[in-house]
Amino acid sequence: QNDASLSDYDEAIKINNVYIDAYIKRAEVKAKLQDYAGAIKNYEDILQFDSQMENILMAQFITFKQQRAEQLLNQGIEELKQSNNANALLKFEQVLELDNHYHPAQYYIGIVKYEQEEYAEAITAYNNAIISGKRAQYFAHRGLAYSKLDQANEALSDYEYALELDLELQEEFQP
């Protein structure tokens, strides 16, 4: 049914290429199909036609970008689980093209770089993640990368801060 709807909206747009309702409905169908990139493209097209709807559409546009970022992040995590580091890295970089402050993508780039034994690059990625979101695991993983570079003081500092942020970690490491 969604494919038929898409065809109908495509036809309506061919007949009247400024028929905004058709673009909106087509974007909604694409979003339901998790084609967030397609939905984003539709909203970009609409924004060219009607500046009065800009605020309404911008909210939808931002939502679709966030959903697309999450979709790409999850795809990257799946690639990482299958040890497809190059594909995972590509997905995480695509997330950052949508939102360069999306700290989970930076964190996972750090994980890929760590696994590739590119510890300085891993630290840079973890630093970028920490700037946007302070999470215990970001500090803990950065500490691991520091330890691989024989930077014991930095590693210890990160481990301690990770423990401060995460009470479960504190309990796990209690004697």
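The values are calculated or read from the model by the stated rules, or taken from the named source; none is laboratory data. Given the structure is predicted, the values throughout are model-derived calculations rather than measurements. Cβ coordinates were reconstructed from backbone atoms using ideal geometry, including for glycine residues, and neighbour counts include every protein chain displayed. Just the protein is used for accessible areas: all its heavy atoms, side chains included, with ligands, DNA and RNA removed. Shrake-Rupley method; radii C 1.70, N 1.55, O 1.52, S 1.80 Å.
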Worksheet, complete the sentence: Filtering GluC sites (Glu not before Pro) in the range 60-159 by DSSP loop and by at most 12 other Cβ atoms within 10 Å leaves Glu117
Discussion item. Let me check against my output: what whole-number percent is the relative contact order of the chain, with C-alpha pairs under 8 Å and at least 6 apart?
Written reply: 11
Worksheet item: In Å², what does the accessible area per residue of the range 64-175 work out to with a 1.4 Å probe?
Response: 58
Practice prompt. Excluding residues fewer than 8 places away in the same chain, name every one of the lysines whose C-alpha is closer than 18 Å to that of Lys30.
Written response: Lys14, Lys41, Lys65
Practice prompt. Give the carbon-plus-sulfur fraction of the accessible surface of the chain in %, rounded to a whole number; probe 1.4 Å, heavy atoms of protein chains only.
Written response: 45
Fill in: Part-to-part distance (alpha-carbon centres) for the range 102-125 and the range 51-93, which is given in Å
18
Fill in: Ratio Rg/Rh, restricted to the range 26-97 and using Cα atoms, in which Rh is the Kirkwood radius
1.10
Worksheet entry | Directionally averaged shadow of the chain, computed from the convex hull of its alpha-carbon atoms, nm² | 13.1
